[in-house]
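Reviewing the structure listed below.
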């Protein structure tokens with residue numbers, strides 16, 4: 001989709017419109033590729049461009065270089081619904097923009113997975129990692145199942161990965 005058509009169809013205005021209208025030829029072609037691959041709303045495109053520009057400013061890269069990275073390119077052409085592709089591109093850019101947060105989330109996920117494998121319990125983290133409390137839900141159908149669940153809870157309480165989860169949530173990483 002041509003960028004002028006996108007601007008018209010999505011009723012893009014304000015600062016985003018001004019930014020899109022002043023793109024250099026290579027940037028324009030790059031953003032047209034993004035628009036064709038994702039058909040994003042104006043707000044989504046604004047957010048993606050914002051992340052890409054922040055990455056570029058920090059790493060000394062152009063908008064074209066950021067959006068042409070192998071990870072972003074793969075997400076743009078992925079055989080998946082549009083919303084899934086949008087989410088994937090946002091995740092890739094977010095991980096590049098905030099590598100420390102991405103690394104922390106990866107460590108948390110690895111620790112949670114280890115507790116699930118070893119203890120059979122899923123540790124639910126606080127939304128947006130705000131706070132240091134986790135949730136563990138159990139469903140049992142008998143006193144015996146409850147006793148086995150209590151044993152698994154005790155095992156999880158003593159598991160090193162559970163300690164890792166609490167340490168990270170408390171900011172001790």
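The values are calculated or read from the model by the stated rules, or taken from the named source; none is laboratory data. All of these numbers come straight from a predicted model, not from anything done at the bench. Here the Cβ positions follow ideal geometry from the backbone for every residue, glycine too, while neighbour counts run over all protein chains shown.
Within segment 80-107, the residues that satisfy the criterion of being in contact with a helix residue (DSSP H, G or I) (Cβ under 7 Å, 6 or more places away or on another chain) and under 22 Å from residue 53 (Cβ atoms) are 85, 86, 88, 89, 90, 92, 93, 94, 95, 96, 97, 102.
Within segment 19-42, if we keep just the residues that are in contact (Cβ under 8 Å) with a residue 12 or more places away in the chain and outside any helix (DSSP H, G or I), the residue that is surrounded by the fewest Cβ atoms within 10 Å (Cβ to Cβ) turns out to be 41.
Answer with yes or no whether residue 16 is in a helix (DSSP H, G or I), under 17 Å from residue 90 (Cβ atoms) and at pLDDT 95 or above. So residue 16 fits the description; yes. Looking at 116, 63, just one residue is farther than 30 Å from residue 169 by Cα, within 23 Å of the chain's Cα centre (by Cα) and at pLDDT 95 or above, and that residue is 63.
Of these, 74, 52, which one is assigned by TED's automatic domain parsing to the domain that holds residue 37 and either without any contact (Cβ under 8 Å) to a residue 12 or more places away in the chain or not in a helix (DSSP H, G or I) (or both)? Spell out how you get there, then give the answer.
Details: 52 fails: either without any contact (Cβ under 8 Å) to a residue 12 or more places away in the chain or not in a helix (DSSP H, G or I) (or both).
After ruling out the rest, the residue left standing is 74.
Can you say whether residue 123 is in contact with a strand residue (DSSP E or B) (Cβ under 9 Å, 6 or more places away or on another chain) and touching a residue at least 12 places away in the same chain (Cβ under 8 Å), as far as the supplied structure shows? So that I can check it myself, show each step before the final result.
On the way: in contact with a strand residue (DSSP E or B) (Cβ under 9 Å, 6 or more places away or on another chain): yes; touching a residue at least 12 places away in the same chain (Cβ under 8 Å): yes.
Here the answer is yes, as residue 123 does meet what is asked.
Suppose we filter 129, 116, 146 for residues that are loosely packed, with under 15 Cβ neighbours inside 10 Å and touching a residue at least 40 places away in the same chain (Cβ under 8 Å); which single one remains? So the residue among 129, 116, 146 that is loosely packed, with under 15 Cβ neighbours inside 10 Å and touching a residue at least 40 places away in the same chain (Cβ under 8 Å) is 129.
Residues checked against (1) assigned to a loop (DSSP other than H, G, I, E, B); (2) touching a helix residue (DSSP H, G or I) at 6+ places or on another chain (Cβ under 9 Å); (3) not assigned by TED's automatic domain parsing to the domain that holds residue 65:
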residue: 109; (1), (2), (3): no, no, yes
residue: 113; (1), (2), (3): no, yes, yes
residue: 121; (1), (2), (3): yes, yes, yes
residue: 128; (1), (2), (3): no, no, yes
residue: 137; (1), (2), (3): yes, no, yes
residue: 148; (1), (2), (3): no, no, yes
residue: 156; (1), (2), (3): no, yes, yes
residue: 162; (1), (2), (3): no, yes, yes
